[in-house]
1. Could you check how many residues of the range 120-137 are small (Gly, Ala, Ser), under 14 Å from residue 191 (Cβ atoms) and at pLDDT 90 or above?
2. Any residue that is farther than 27 Å from residue 51 by Cα, more than 21 Å from the chain's Cα centre (by Cα) and surrounded by 10 or more Cβ atoms within 10 Å (Cβ to Cβ) - is there at least one of those in the range 245-264?
3. Could you please let me know if residue 175 is touching a Leu at 6+ places or on another chain (Cβ under 7 Å), surrounded by 15 or more Cβ atoms within 10 Å (Cβ to Cβ) and among the acidic types (Asp, Glu)?
4. Given the criteria at pLDDT 95 or above and assigned to a strand (DSSP E or B), does residue 246 qualify?
5. Report whether or not residue 231 is modelled with pLDDT of 95 or more, in contact with a Phe, Trp or Tyr (Cβ under 9 Å, 6 or more places away or on another chain) and either within 30 Å of residue 154 (Cα to Cα) or buried (at least 18 other Cβ atoms within 10 Å of the Cβ) (or both).
6. In the range 150-172, which residues are part of a helix (DSSP H, G or I) and buried (at least 21 other Cβ atoms within 10 Å of the Cβ)?
7. Evaluate the following for residue 147: is it modelled with pLDDT under 95 and aliphatic (A, V, I, L, M)?
Amino acid sequence: MITAHTSREEILKKLRKKVEARIPIFIASAGSGLVAKLLEKAGVDCINTFSGARLRANGMGTMSMLWPILDSNKQTMDYTREDIMPALKGDSFVCACLNANDPLKDMRMVLNDCKAMGVYSASNIGPSISYVDKDSEIYRVLTKSGITLDNEIELLKLAKEMDMVSIGLAFNMEDSYRIVEEAQPDIFCFHAGTTKGGLSGYDSGETIAETAARTEQANQELRRIKPDVLLIAHGAAMENPKDAQFMLENTSCDGFWTGSSTERIPIERAVLNTAQEFAALRFPDQQ
């Protein structure tokens, strides 16, 4: 198996070409090689790998990666190397979502390892301190112990310095401002919240119109900071293709990012429905 490699220049050239042609950029997460292979076949531009996707593949919710039940970076690097990269032809590029606050790893070394396996993009989502509410005690304890957004910004800046595509992400406007202004990412995603739907999704009660309005408010303010940043929609009420179409029609986003929507939820439905059909089968004398 020889994995195809790419470059920052080639990736950005392809993405800019799509933007000019008014074709949405499509980013999706994969927790297994099979999902990655199918995403690439469907035409996904960027396949994200991160511990949350890996845990989703095991039936857990994305937010379970916030607890110290695993080495997030080790999980991401191992399954990206062994499961994801060998499954791809090279039509999609891979972005490793990394934990920039890992106290046991030099992030320059981690990024070098990414490039060695053919991964030329990195994000700060795996996990991010931006997940945690700023008015909570746990946020104050975490930041006091050195787990900060500063480290995530430095990761994104370093990725660009190392000729990688940087993809920033934040859950609130304060963090979004900082990441876009200080890290100057190539791509930025305002994460509207955990995706609803399926067995482990979270429904905050927000409508797709409300998700679109919040996202567009973020877009307008962030483009004033960095006019050429590629902005991507993700999360909250954007559960299915119809919702994503609504986002494209009601925001100035350059594309969308799916996680559970193209991974966990379709798998839950397909496997459950098919297995139930098999489970309902009976011998001829019992029908």
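The values are calculated or read from the model by the stated rules, or taken from the named source; none is laboratory data. Every value quoted in this text rests on a predicted model; they were computed, and no experiment measured them. In this analysis, Cβ positions are derived from the backbone assuming ideal geometry, glycine residues included, and neighbour counts consider all displayed protein chains.
1. 3
2. The answer is yes; a qualifying residue exists.
3. Criteria met by residue 175.
4. Here the answer is no, as residue 246 does not meet what is asked.
5. In short, yes.
6. 152, 153, 155, 156, 159
7. Here the answer is yes, as residue 147 does meet what is asked.
Each row is one residue, and each column tells you yes or no for (1) assigned to a helix (DSSP H, G or I); (2) within 19 Å of residue 244 (Cα to Cα); (3) at pLDDT 95 or above.
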| site | (1), (2), (3) |
| --- | --- |
| 13 | yes, no, yes |
| 16 | yes, no, yes |
| 19 | yes, yes, yes |
| 28 | no, yes, yes |
| 37 | yes, no, yes |
| 41 | yes, no, yes |
| 52 | yes, no, no |
| 59 | no, no, no |
| 64 | yes, no, no |
